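The values are calculated or read from the model by the stated rules, or taken from the named source; none is laboratory data. Just so we're clear, the structure is a prediction, and the values are computed from it rather than from any experiment. Note that we place each Cβ from the backbone using ideal geometry, even for glycine, and neighbour counts take in every protein chain shown.
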Amino acid sequence: MNSSSNKVPLSRLILPWKIAGELYRHKTLIYQLTKRDIISRYRGSYLGIFWSLLRPLCMLCVFGVMFGYIFPSKLGRFPSESKIDFALTLFCGLMVFDMIGECLARAPTLVLVSANYVTKVVFPLEILPVTVVGAAFCHLLISLIPLLIGVAIVHGSIPLTVVYLPLILVPLILLCLGVTWFFSSLGVFFRDINSLVPVLMTILMYASAIFYSIDKVPPLLQPVVHLNPLAILIHLWRNAIMWRLPFEWARYGAHFAICAGFMVVSYVIFMRTKSAFADVI
């Protein structure tokens, strides 16, 4: 099953444009599977896909009440930071984390629950992680709607720096693809990884500067935090939406390279191991 994947030259697996070309060939199938993934999640519910908008809207309201009035908190980025600013900033970080968190949570069992695809020689298993990332990306975009509305209400307008959001989304998508390819392959051979994922998600959440600013991290831990691409992407995301700060090109470039490199390595691992999936499953 899929033994031909081991015969593919390494040059076709490590070059990003080759990877993009391979995925583009299956664009129709990716679109159909992603659409089915999103619709099936809400099948049978009365509100259907409207839950994708209602859920983040409810979260935003809860954060506004909890951290604006019950537990007043601040990140301390600016003296003029309000209680509602903290709630919006927290929601801003969580929505980015939710995207990679959804990919990480589903990845270990992704191939296992798709055993019927594994037995089909002609089916490109590498697109399964792409559909998971596509579905998570759609939910992120939907969550962005109430966030921008909240920012416009609190600050009177949506900042022009939101034009940087598409740039930030590119390495985030690459990082999510890398995580999903890597853990979906690993999950086939090591079933215990599914029990480890919740622990990893908790560690990642607290290490990604969601509840605090990376500028407030003690100097001793600064190098560790700056090695975490998710923390930097959340930092850039907040700067663009909440703080209207200039884009940090140096940080962006370094972590774009990290995310792209991790994605390529994960893709190679998936493609080199997928021929053994049928034997293990």
Some residue of region 179-190 being in a helix (DSSP H, G or I), among the aromatic types (F, W, Y), out of contact with any Asp or Glu (no Cβ under 9 Å at 6 or more places or on another chain) and crowded, with 19+ Cβ neighbours inside 10 Å: yes
Test: residue in region 272-280 that is among the basic types (K, R), surrounded by 19 or more Cβ atoms within 10 Å (Cβ to Cβ) and over 28 Å from F86 (Cβ atoms): yes
Some residue of region 194-209 being at pLDDT below 90 and in a loop (DSSP other than H, G, I, E, B): yes
Considering residues of region 213-231 that are out of contact with any Pro (no Cβ under 9 Å at 6 or more places or on another chain) and surrounded by 15 or more Cβ atoms within 10 Å (Cβ to Cβ) only, the residue farthest from C176 (Cα to Cα): V217
Conditions (1) within 22 Å of M271 (Cβ to Cβ); (2) out of contact with any Gly (no Cβ under 8 Å at 6 or more places or on another chain); (3) of a type outside the set (D, E); (4) surrounded by fewer than 20 Cβ atoms within 10 Å (Cβ to Cβ); number of the one not met by I193: (2)
Matching residues in region 105-126 - criterion: being surrounded by 20 or more Cβ atoms within 10 Å (Cβ to Cβ), assigned to a helix (DSSP H, G or I) and among the aliphatic types (A, V, I, L, M): A107, L110, V118
Residue in region 223-233 that is over 27 Å from I84 (Cβ atoms), of a type in the set (V, I, T) and modelled with pLDDT under 90 present: yes
